[in-house]
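Notes follow once the structure below has been shown.
Read the figures in this text as sums done on the coordinates, not as results from a lab. Treat the numbers as computed from the prediction; the structure is a model and nothing was measured. Glycine also receives a Cβ, built like all others from the backbone with ideal geometry; neighbour counts cover every protein chain displayed.
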Amino acid sequence: MKTEKTVSLRNTAGNNREIITVFIIALLSRAFLFALSLASLRLSGNGRSLIETFGSAGDVPHYMYIAQHWYQSSGEKANLIVFYPFLPMLIAAFRVILRSYLASGLVISWLSFAVASCYFYKLLRLDYDEEKTAYGMVGFFTALFGIFFISAHTESLFVMLVAISIYYTRKKNWLAAGIAGMCAALTKTQGVLLFLPAVYEIIIDSTENKRFDKKSLFTLLIPLGFFLYLLLNRIYGGSFFKFVEYEEAEPWYNRSVWVADSLATSYNTGSGNFTLSMFLYWPQIIMYFIAVLALFVGAYKKVRTSYLVFIGAYTGLTYFQSWMLSGGRYISSCIPLYVVYAAIDNKYVKNTLLLVTGILNIFIAILWLQGQAIM
Amino acid sequence: MGQFIGHTGGFFILAAVVLLAGIFTAEAGVVRNRAALKKNGKTALYVCCIGIVYYLIMAYFKNTTAGQTSIFDFGAVFDFLGLDDMISTYGEPFIKDTLSGLGMPLFPFLVHILGKIIFEQYGGIAVWLNFLSAAAGMCCLYNMACEFFKKDVTPHMAIAVLSLPFAFMLFTPGSYGWTFGLVSASAYALYKGNTPLWLILGIIAALSNKLGILFIVPFVLSKINTFPAFVKRVSENKLTSNPYIRLGYLFFITSVDGAILFLAIGGIHV
């Protein structure tokens, strides 16, 4: 007989059996995506080496170098200070057991995605029924640029830490939220933005309970994480914002601009090259507008406001770049977007979006395995 | 096309920020009366939409007559007002002369400070400050009218104000929208009996634009004991209550406003 307590536990963030099921399904979803993409690639006659693909794609060699040699104060590798330290640290730790940097990066990526899925499931179950949660999970599994949740990039680790931080923020476990947020701030620039939803929830909590919870000060760990990264810049580069100097120089030529200029540059640069416009520039322009539209949809659907604050700040910060190539990948890693997707009531809209993203997800994965300009 | 995509993207994310700020004021208990917040939100949205309409008209006709840029190049409206180029060429001193409208320093100083933080987007910042201030000012007038007439004044009040001649100036990078908002807010503060706030907002308005000195007018009117009764008598007069008279007035006033806007777009100094 179901007691009130049993029902309450079941409705609150899922039971252990459900979590284990989600964990396994998440791993299987990555395996399925990888296998289907690889099979399609091989059937098309492309025999490209997987080791070469995974080992040389994008920023992976840089993270492997940092994991092996750490940051350099001088020389041609000194500019690798632009990459955040948490992933290389984990790769170095896993390498002790796995004996391979690349294998460590891939294992971290797959495990992180699975754990991210579990915490995302728990997060969805806080506010939504089983059906909406299922939609949210499937939406997450069919995320565009989902191939980056398989490779040794920071995306999987980052979404895991974001999901954990936001989940524990909702549960008012400020220490756990702060630690996860600090690690996220040491993984990617956008990680420090987790401080915003935390502050929002603290204000709402203080207003409702008419008292300030001193334990909420643990959320200061999040900006501390970013400060630790700045400290690394000071130690290895000589100034707290050395990474800004390196980003503005070769080979990135990236500086902070207003989003309008960033979008205009994406369009204008893509105008001269059809292939790149299709692979890089138009996807990131479209993903920007999807993210901004999600803010209005989320507000209309009464999605938790702290999630919307994170989406808005994340989108803004991501597109403050003068020469952006990975906007689509970054937006795909904004996990609260899938909460907005789950909140939509219209099944026609939801299923159509699922169909489109499902097809494009495979398409992008194959292009990436081919070595095309998917960044 | 790139500029159009960029400006649209920038506009929508700022609109989202304003929306989230509004939601925050309700959830954090800053504004307790959610019904009033909704009504004021609708009024503010209405004002901003009217402002966008003015902007689209200015951009469309200026660009089609200039014939050099896409009709969707809204950024060229700044060009029409000569703002962005002047800022980038001459720097801060020129901001004081150009943005100040009638020569007061506070608004250009504020835009300059914000521009240092927000990627030197002086034109965009100035326009956004004017939009938001005009919307806030209209909300203050709306609330004041609802309380004075003791009934829900229709949104037609907003269009009646925004169709006045020169109303389009509220939505340009000059300091007019900003000043309008401050003067309206100061009038509302005085109406609610908060004289210190009336004075502070009024002084800020006067430092932003010489027309801001008009903040003294509500104070003078409040000293005329018969003024409130006079306003009520006028509003309840059969002539002014007549919908045909009201719509006729609206037609007349929007025509005059349109003519002045046309002259402004044509580059004749108004």
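Tabulated data for the structure shown
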| read-out | value |
| --- | --- |
| DSSP-loop trypsin sites (Lys or Arg not before Pro) across region A:87-130, with at most 11 other Cβ within 10 angstrom | A:ARG99 |
| If the convex hull is drawn through the Cα atoms of region B:1-54, its volume per residue in Å³ | 63 Å³ |
| For region A:210-217, Karplus couplings with θ = phi - 60° (6.51, -1.76, 1.60), whole Hz, Gly/Pro x | 6, 7, 9, 7, 5, 5, 5, 5 |
| Percentage of interatomic Cα-Cα distances in region B:163-266 larger than 23 Å | 47 percent |
| Average partner coverage of A:285-296, which counts Cβ from other chains inside 10 Å | 3 |
| Cα-based radius of gyration of the protein assembly as shown once divided by 2.2 N^0.38 Å, which approximates compact folds | 1.09 |
| Packing rank of A:251-257, B:177-183, A:303-309, B:160-166, where each peptide gets the mean count of other beta carbons within 10 Å, highest leading | B:177-183, A:303-309, B:160-166, A:251-257 |
| Cβ-based net charge around A:TYR168, under 11 Å, with every Lys or Arg adding one and every Asp or Glu removing one | +3 |
| Helical segments meeting 24 Å axial Cα length and Kyte-Doolittle 1.0 threshold in chain A (DSSP H) | A:16-43, A:101-127, A:282-300, A:347-370 |
| Alpha-carbon Rg with Dmax, taken over region A:253-339, Å | 13.3, 42 |
| Other-chain or far-sequence residues with amide H under 5 Å of A:GLN321's (modelled H) | A:VAL257 |
| Average other protein chain Cβ within 10 Å of Cβ, residues A:206-217 | 1 |
| Calculated Rg and Dmax of region A:172-241 using C-alpha coordinates, Å | 13.7, 46 |
| Peptides ranked, highest mean first, by Cβ atoms within 10 Å: ranges A:27-39, A:67-79, A:329-341, A:223-235 | A:329-341, A:223-235, A:27-39, A:67-79 |
| In nm, spacing of pseudo-spin labels at B:LEU37 and A:GLU76 (7 Å Cα→C-beta vector) | 5.7 nm |
| Whichever lysines have a C-alpha closer than 24 Å to that of B:LYS39, once near sequence neighbours (fewer than 8 apart) are set aside | A:LYS301, A:LYS302, B:LYS150, B:LYS151, B:LYS192, B:LYS232 |
| In Hz, Karplus ³J(HN,Hα) per residue of region A:46-59 (6.51, -1.76, 1.60; θ = phi - 60°; x = Gly, Pro) | 8, x, 4, 5, 6, 4, 5, 4, 6, x, 10, 6, x, 8 |
| ³J(HN,Hα) computed for each position of region B:119-131 - Karplus, 6.51 cos²θ - 1.76 cosθ + 1.60, integer Hz, glycine/proline x | 6, 6, 8, 4, x, x, 5, 4, 5, 5, 4, 5, 4 |
| When the convex hull of its Cα atoms is projected in every direction, mean area for chain A (nm²) | 20.8 nm² |
| Debye intensity ratio I(q)/I(0), log10, region A:289-375, q values 0.14, 0.17, 0.22, 0.24 Å⁻¹ (C-alpha model) | -0.57, -0.80, -1.12, -1.21 |
| Residue-averaged beta-carbon neighbours from other chains (10 angstrom radius) around A:252-260 | 5 |
